[in-house]
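Structure record follows, encoded as structure tokens.
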Amino acid sequence: MRQAGRVVAEVLQQMSSTVKPGVTTAELDSLAERIIRKAGCMPAFKGYHGFPATICASVNEEVVHGIPSLRRLQDGDIISIDVGAIYQGYYGDAAVTLPVGDVHPEVLRLLQVTRESLAQGIEKAVAGNHLTDISHAVQSFVEKNGFSVVRNYVGHGIGNQMHEEPQIPNFGKPGRGPLLQEGMVLAIEPMVNTGDWQVETLADNWTVVTLDRKWSAHFEHTVAVGKEFPQILTKL
Ligand code: MG
């Protein structure tokens, strides 16, 4: 899982140096696939329930599961890139939202708050805490900053499958759900909206957008629960 995580981190690092106005999301997708295969891994998303690509590329009001296309990124856009890799049957999964060129300060704040809410959640991934301590940490940080968390999509356990038990909501009361134990591996992934939390799926049956069409950000890491501190596996 460390190896899969490292490759995922490498892809996202490459994405952040490649994303700029004029680049298409399909170009990002083929770059991601090359990096994954060159490292001896397999793309985890391609073919998953029929998803056609290596990355999910979700622009602006798109929350998650956007399909890479010939759409060219424009100055002022944001793009959420989610990617998974499989190494010898084990999975890594992570996401970032990147600014494209010059982005409005309030949108940059959305990105910072979402990234920090993930960090706050990860801090709770320690043995002896309850699962929803993570959920509560994410939600309270996001709402304190005036944004909302998506309810319909959640984080998940991960291992030799991409989505394992338990589900990890980004909202809820603390102190509930399973007790965290050393060695559990969790994909923690807040999706945060500038407007209302409600979302809908477009006619392509994949792309999830905010109902009010305000913008949304998504950050994710694959994290191993530790005895004293969490270990982020999708980090270089
Ligand atoms: Mg995930």
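The values are calculated or read from the model by the stated rules, or taken from the named source; none is laboratory data. Because the structure is a prediction, the values reported are computed rather than measured. Reconstructed Cβ throughout: ideal geometry from the backbone, glycine too, with neighbour counts over all protein chains shown. Please note that ligands, DNA and RNA were not included when accessible areas were found on the heavy atoms of the full protein model with its side chains. Shrake-Rupley method; radii C 1.70, N 1.55, O 1.52, S 1.80 Å.
What the table shows:
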| quantity | calculated |
| --- | --- |
| Environment charge at R213 (Cβ cut-off 13 Å; Lys +1, Arg +1, Asp -1, Glu -1) | -4 |
| Local net charge near I67, Cβ-Cβ under 11 Å (Lys/Arg +1, Asp/Glu -1) | -2 |
| q = 0.11 Å⁻¹: log10 I(q)/I(0) that the Debye formula gives for the chain, counting C-alpha atoms only | -0.50 |
| Accessible-area composition of the chain, carbon plus sulfur, in percent [1.4 Å probe] | 49 percent |
| Relative packing of 36-43, 214-221, 93-100, which averages over residues the other C-beta atoms within 10 Å, highest first | 214-221, 93-100, 36-43 |
| Two-site FRET efficiency, Q88 against Q181, from Cβ-Cβ distance with R₀ of 22 Å, rounded to 0.05 | 0.40 |
| Rounded Å value of the spacing that divides the Cα centres of region 1-61 and region 141-187 | 23 Å |
| Net +/- balance of residues flanking K20 in space, Cβ distance below 13 Å, scoring K and R +1, D and E -1 | -3 |
| Accessible-area value, R2, 1.4 Å probe, nucleic acids and ligands omitted, Å² | 130 Å² |
| Sequence ranges 156-165, 137-146, 82-91, ranked by mean other-Cβ count within 10 angstrom, highest first | 82-91, 137-146, 156-165 |
| Probe 1.4 Å, protein heavy atoms only - accessible area per residue of region 2-232 in square angstrom | 44 Å² |
